[in-house]
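In what follows, a single structure is set out as structure tokens and then discussed.
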Amino acid sequence: MDKGKQRNPRNGSALSGRIAWSDIDERYLRQIILLAKEEDLEGAGLAALPSNPGDATTHALAPEGDGQAALAARVSLVPCGLDLIPLILDVYGKGCSWSPQAKDGMQVKAGACLGVVSGPSAVLLQAERVILNFIQHLSGVATQTARYVKALGWCKTKLLDTRKTTPGFRVLEKYAVACGGGWNHRIGLFDRIMFKDNHLALAGAKGSDRLAEAVKTARNRFPELPIEVEVDSLEQIPAVLEAGVDVILLDNFSDADLAEGQALIGTRASTEASGGITLERLPALAGIGLDFISSGALVHQSAWVDLSFDWRE
């Protein structure tokens, strides 16, 4: 993860970070590319597979020789996933190359060329749609995140993603958030203790004594992990502070209650606001002094960006 990650002063573990491309397992990437290829050429996912798998159109055309195509932005955007392209080409066939003219995370204007692919024409034609699917989606997440980061403006508060990601695509979508200037919350259930409403209800830990016991048990079992507790009212905060947690999640608080909650917590724990976080609301939240704001909208409300894959004569 990015070296700019925020540390938990209690035990030195990470409260936020940024997934870098080098953090992503190439085997995982090849697996999802192969699945995308099998969907397109072999009908993967269907109970009855096609009797004649393959690219019927390209086979009918039977193109010979090499070709070249440019990947270009039709709108202003933040590109993401460009390093996937050589892996996609390699999964589809040999002899192809990718010449990038942009980098993940940079702002590009409409009309900008992101790079050029070249190689056997049949391979490029088969890989075209899958390349576009990956890059349009990931660039959409990065572009959406950049809008939210801009709306929040310069302040101490970090904008975080959530676990509301497309199944199987979490690491890539969190990488896209990082490319857009956001920060990554926990990656999964394994890297943070996070008591939410359902956990507290199941454990009967709404009261201060039971909550303190639950936090103590969690810290003894997983001393290397930060502990976060969700609250939905100001009245819950004193008991959570008394339990000695690392982060308090203020869920669906009004702006006024967020300010009051931040003042009540002070430096005794890190603060995170979540729930009802909109683009329009972010400027008002910037001055409250929260440590984090998390929003699933960075991913689940993003839209694919418009790219072209234009063949060059």
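Quick rundown of the values:
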read-out: Alpha-carbon Rg/Rh ratio, for the range 74-197, with Rh computed the Kirkwood way; value: 1.05
read-out: Residues whose placed amide H lies under 5 Å from that of Ala273, excluding near-sequence neighbours; value: Leu250, Phe292, Ile293, Ser294
read-out: Percentage, to the nearest whole number, of Cα pairs in the range 153-300 over 26 Å apart; value: 25 percent
read-out: Residue with peak Gaussian network fluctuation, the chain [Cα springs, cutoff 10 Å], from Gln31, Gln262, Gln144; value: Gln31
read-out: The range 153-300, relative contact order in percent, only Cα pairs under 8 angstrom and at least six apart counted; value: 29 percent
read-out: Selected from His199, His185, His59 as most flexible by GNM, with the chain as the system and alpha-carbon contacts under 10 Å; value: His59
read-out: Protection-proxy order for peptides 299-310, 45-56, 122-133, 78-89, each taking the mean of Cβ atoms within 10 Å per residue, highest first; value: 78-89, 122-133, 299-310, 45-56
read-out: Cα long-axis angle, helix 255-265 against the chain (0 to 90 degrees, to the nearest 10); value: 60 degrees
read-out: Pairwise centroid distance, computed over Cα atoms, of the range 103-170 with the range 223-247, Å; value: 35 Å
read-out: Cleavage-rule hits, chymotrypsin sites (Phe, Trp or Tyr not before Pro), the range 182-238, DSSP coil, Cβ neighbours within 10 Å at most 10; value: Phe190
read-out: Per DSSP, loop GluC sites (Glu not before Pro) in the range 13-102 with at most 14 further Cβ within 10 Å; value: Glu64
read-out: Coil-residue GluC sites (Glu not before Pro) of the range 199-290, DSSP, other Cβ within 10 Å capped at 10; value: Glu224, Glu280
read-out: Acute angle (nearest 10 degrees) that the helix 208-221 long axis makes with the longest principal axis of the chain, alpha-carbon atoms; value: 50 degrees
read-out: Per-residue HN-Hα couplings for the range 42-49 [Karplus 6.51, -1.76, 1.60; θ = phi - 60°; Hz; x = Gly/Pro]; value: 10, x, 3, x, 7, 5, 10, 6
read-out: The chain - percent relative contact order, Cα under 8 Å, separation 6 or more; value: 22 percent
read-out: Net charge over other residues, Cβ less than 12 angstrom from the Cβ of Leu49 (K, R count +1; D, E count -1); value: -3
read-out: Radius ratio Rg over Rh of the chain, counting only Cα atoms, Kirkwood formula for Rh; value: 1.07
read-out: Between 0 and 90°, nearest 10: helix 170-179 axis offset from the chain longest Cα axis; value: 90 degrees
read-out: 3J(HN,Hα) from dihedral phi, the range 138-146, Karplus parametrisation 6.51/-1.76/1.60, rounded to Hz, x for glycine, proline; value: 5, 5, x, 5, 5, 5, 4, 4, 4
read-out: Rounded Å value of the spacing that divides the Cα centres of the range 14-50 and the range 52-98; value: 16 Å
read-out: Magnitude of the charge dipole, the range 207-299, Cβ model with Lys/Arg +1 and Asp/Glu -1, debye to 20; value: 280 debye
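No lab work stands behind these numbers, since they all come straight from the coordinates. This structure is a prediction, so every number in the text was calculated from the model and none was measured. We place every Cβ from the backbone using ideal geometry, glycine too, and count neighbours over all the protein chains shown.
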